1. Confirm whether L14 is surrounded by fewer than 20 Cβ atoms within 10 Å (Cβ to Cβ) and either within 12 Å of the chain's Cα centre (by Cα) or over 24 Å from A93 (Cβ atoms) (or both).
2. Given the conditions (1) touching a Leu at 6+ places or on another chain (Cβ under 7 Å); (2) loosely packed, with under 14 Cβ neighbours inside 10 Å, which single one is not true for V27?
3. Looking at S49, S69, S5, which is the one that is hydroxyl-bearing (S, T, Y), under 20 Å from G118 (Cα atoms) and touching a helix residue (DSSP H, G or I) at 6+ places or on another chain (Cβ under 8 Å)?
4. Would you mind stating whether L114 is modelled with pLDDT under 85 and of a type outside the set (V, I, T)?
5. Return a yes/no flag: does the stretch 105-123 have any residue that is in contact with a helix residue (DSSP H, G or I) (Cβ under 8 Å, 6 or more places away or on another chain), surrounded by 17 or more Cβ atoms within 10 Å (Cβ to Cβ) and under 28 Å from S138 (Cβ atoms).
6. Checking F42 against (1) surrounded by 14 or more Cβ atoms within 10 Å (Cβ to Cβ); (2) touching a residue at least 24 places away in the same chain (Cβ under 8 Å); (3) closer than 21 Å to V11 by Cα, only one condition comes out false. Which one?
7. From the list G72, G54, pick out the single residue that is in a helix (DSSP H, G or I), over 12 Å from the mean Cα position of the chain (by Cα) and not charged (D, E, K, R).
8. Looking at (1) buried (at least 19 other Cβ atoms within 10 Å of the Cβ); (2) out of contact with any Leu (no Cβ under 9 Å at 6 or more places or on another chain), can you tell me which one T82 breaks?
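The values are calculated or read from the model by the stated rules, or taken from the named source; none is laboratory data. Owing to the predicted nature of the structure, the values given are computational and were not obtained by experimental measurement. Using ideal geometry, Cβ is built from the backbone for each residue, glycine included, and neighbour counts are taken over all protein chains shown.
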Amino acid sequence: MVRVSQLGIAVGALGAMLAFMGVFPAVTGLPPTVGVGIVQIFAILLGFSLLIFGALLYVKFTFYANSHSNLGQQIGTRLAMTGLVMAAMASLADVLGFGSHTNTAESVILMGPLQAIGMIFSYVISSIGVLVYAVAGSPTLEENE
């Protein structure tokens, strides 16, 4: 089970690095552009999703490897996943057609301030879901101890 928790750390670190590259694309050597574009939005979404999945994997296989999830842990998992879906909906509102900037041939899709606030708030909800998962269970004791 230690290998799976190490995989969770690796997935979380990959997600953090991808989200960092999405927020600051100049780190990769790309020229800076005006606003946050669609590729950056997808990179940020994928990065933070991997970060949340890695955190859930780490907590599960480090503290609760030999036990089934209880109701509190299931609520924490669903809260984390709901936060990720809300972040995707908030950040892709213009792409999906219910945002404030309409998608026309001459317009460019950019992330607005309300979309950024919605995305950050949704990631806070996902982080709270991971914390609920971590504190809701009782860790199993090893037989060797």
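1. Against the criterion (surrounded by fewer than 20 Cβ atoms within 10 Å (Cβ to Cβ) and either within 12 Å of the chain's Cα centre (by Cα) or over 24 Å from A93 (Cβ atoms) (or both)), L14 qualifies.
2. Only one criterion is unmet by V27, namely (1).
3. S49
4. No; evaluated as a whole, the condition is false for this residue.
5. yes
6. Among (1) surrounded by 14 or more Cβ atoms within 10 Å (Cβ to Cβ); (2) touching a residue at least 24 places away in the same chain (Cβ under 8 Å); (3) closer than 21 Å to V11 by Cα, the lone unmet condition for F42 is (2).
7. Of the residues listed, the single one that is in a helix (DSSP H, G or I), over 12 Å from the mean Cα position of the chain (by Cα) and not charged (D, E, K, R) is G72.
8. Here T82 meets the rest and fails (1).
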